[in-house]
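Accompanying notes for the structure given below.
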Amino acid sequence: MIDYLLGGLGAAFSLSIFPVLVFGVLGGIILGALPGLTATMGVAILLPFTFGMAPIAAMVMLIGVYIGGIYGGSIAAILLKTPGTPASAASVLDGYALTLKGEAARALSISVVASFIGGLISTIVLIAIAPMLAKFALRFSAPEYFALALFGLTIIASVSSNNILKGLLAGTIGLLVSTVGLDPITSVPRFTFGIMDLYNGINVIPVLIGLFAISEALNQLENLNLKTKVAEKFNSKLMSLKDLKNILPTTIKSALLGTSIGAVPGAGADISAFVCYNEAKRASKNPEEFGNGSIKGLAAAESGNNGVTGGSLVPLLTLGVPGDAVSAVLLGALIVQGLTPGPLLFTQNPEIVYGIFSSMLVANIVMLLIGLFGIRFFCQITKVPKLLMIPIIIFLSIVGAYAINNSMFDVGIAIVFGVLGFILGKLKIPTSPILLAIILGPMAETNLRRSLLMYDGSWSFLYERPIALAFIAMAIFSLWSTIRRNKKG
């Protein structure tokens, strides 16, 4: 294995591969930072360009886009309260709060370092214990997926600890929105009102763009002062060694948790980010800091979503089962190159497998260097007057919403949720639970109903399956600890 890894590292730094890798990471960061242009879209856009490339070069470029895209979403999330990707939605909670304090450079440096640590640990775990993680992932069925989604939904109470009732109201709105479309079991239309665009449900990305980007633009427009900028005071200092020491335990724990979540097919970086954020807040001695500029909260979200990058490749490479949407596109790329993912890939094409492993290690280093070098340029966004920034945010939001399906209907969805987010902000109702419920609602409903079908209508799967029982116990403990903290506060 060592020989193959060294050979892969040599290939990654070769003149024919390294520029391709740097291009992929840089392109991924740019695409990820633009609202609506997700890592999945970036990989899909560049897939046709790999048809004439060598297998290692093709996979290196696409994986670079994947890693760069997951990190890139945090740039807009931190600076503009506009998540570039769903995976960076949790980063808004504390990242933007730091920007408002004039600490954008510190927030961006924490983001890229946490992303690097999360991606690096995830890749090391992928190299070391891929087969074992794959076997663990195989034990997940409908009951385990339901229990995981239920645990994720308890984050609604955690992020709304100042007013749990308002948080539950927002979560209920999100769950109702998630029921629009065809019934996942019977395919009967629900709440579509005869509108064909609603038959596939409401896409999460226009909702994300509306709730965070457009609503923030409307909020800034209401309080427009032609001379003000995003941040009145700007501190160019990066994170300190004290900051690194402070976030390191949380970052490592979130990286391991994110890798485990990524190894479960169907659970993506967006779910991982919120789960890791909730776990960091639950374990914190100062949970009241979360949502107000907590560096641990930002680090947990960024390390958690980047931890998925390695974890999602575990079932892809060992079983041929994609862990998330991006790895599904990577599966197509492998097939295009004439490779069949699965156990035989490790024996028949070890140079490809370990070339991918090595390129992921190098890609995370390249991402760290580009991220740190680019901070001084990224932060200039905070110096742009609101008079210019607001139209740019609205323009990028509309383009991002349209680009998903080339549909003006998605633009309308983004605008509707933008107005809704603006109104809820005035009522002091948090909007992040809406997005969280829309992401996890379908997962919870579908797998609950499948579980009931598996057990002939019995709810015994809640306590007969150890993994499901563990997640449910964690959900109960999460709710209990949140309510207890709320009462003490």
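Each value in this text was obtained by applying a stated rule to the coordinates, not by laboratory testing. From a predicted model like this one, the values you see are computed outputs, not experimental measurements. All Cβ positions, even for glycine, are placed from backbone atoms using ideal geometry, and neighbour counts span all protein chains on display.
Annotations
- Local electrostatic count, Thr186, Cβ distance below 14 Å [Lys/Arg +1, Asp/Glu -1]: +1
- Extension gain from Ser407 to Asn219, taking 0.36 nm per residue of separation minus the Cα-Cα distance: 65.1 nm
- By the beta-carbon count within 10 Å of each Cβ, the least crowded to most crowded order of Ile121, Ile129, fewest first, is Ile129, Ile121.
- For region 2-488: rounded, prolate or oblate by the Cα gyration tensor [a/c cutoff 1.5]: rounded
- Amide H contacts under 5 Å for Thr82, placed H, 5+ residues apart: Ala77
- Each peptide in 335-341, 56-62, 139-145 gets a packing score, the mean of other Cβ atoms within 10 Å over its residues, and the list from highest to lowest is 56-62, 139-145, 335-341.
- Residues with amide H under 5 Å from that of Arg190, placed H, sequence gap 5 or more: Gly181, Leu182, Asp183
- Pair Ala283, Phe373: separation of 7 Å Cα→Cβ label points (nm): 3.4
- Taking other Cβ atoms within 10 Å as a rough exposure proxy, Lys296, Lys242 sort from fewest to most as Lys242, Lys296.
- Net +/- balance of residues flanking Tyr455 in space, Cβ distance below 13 Å, scoring K and R +1, D and E -1: +1
- The helix-based estimate of mean residue ellipticity at 222 nm for the chain, built from -39,500 (n - 2.57) per DSSP H run of four or more residues and divided by its residue count, is -23500 deg cm²/dmol to the nearest 500.
- Label point distance in nm, Arg190-Lys428, each placed 7 Å from Cα along Cα→Cβ: 3.3
- When you count the other C-beta atoms within 10 angstrom of each residue and take the mean per peptide, 248-259, 390-401 line up highest first as 248-259, 390-401.
- For region 366-489, the square roots of the Cα gyration tensor eigenvalues, ordered a ≥ b ≥ c, give a/c of at least 1.5 with a/b greater than b/c, which places it in the prolate category.
- When Asp410, Asp3 are arranged by Cβ crowding within 10 Å, least crowded first, meaning fewest neighbours, the order is Asp3, Asp410.
- Net length gained if the chain between Phe18 and Leu469 were fully extended (0.36 nm per residue, minus Cα distance): 157.8 nm
- Which listed pairs, of Lys281/Lys428; Lys245/Lys296; Lys166/Lys285; Lys237/Lys281, have C-alpha distances above 18 Å, in listed order: Lys281/Lys428; Lys166/Lys285; Lys237/Lys281
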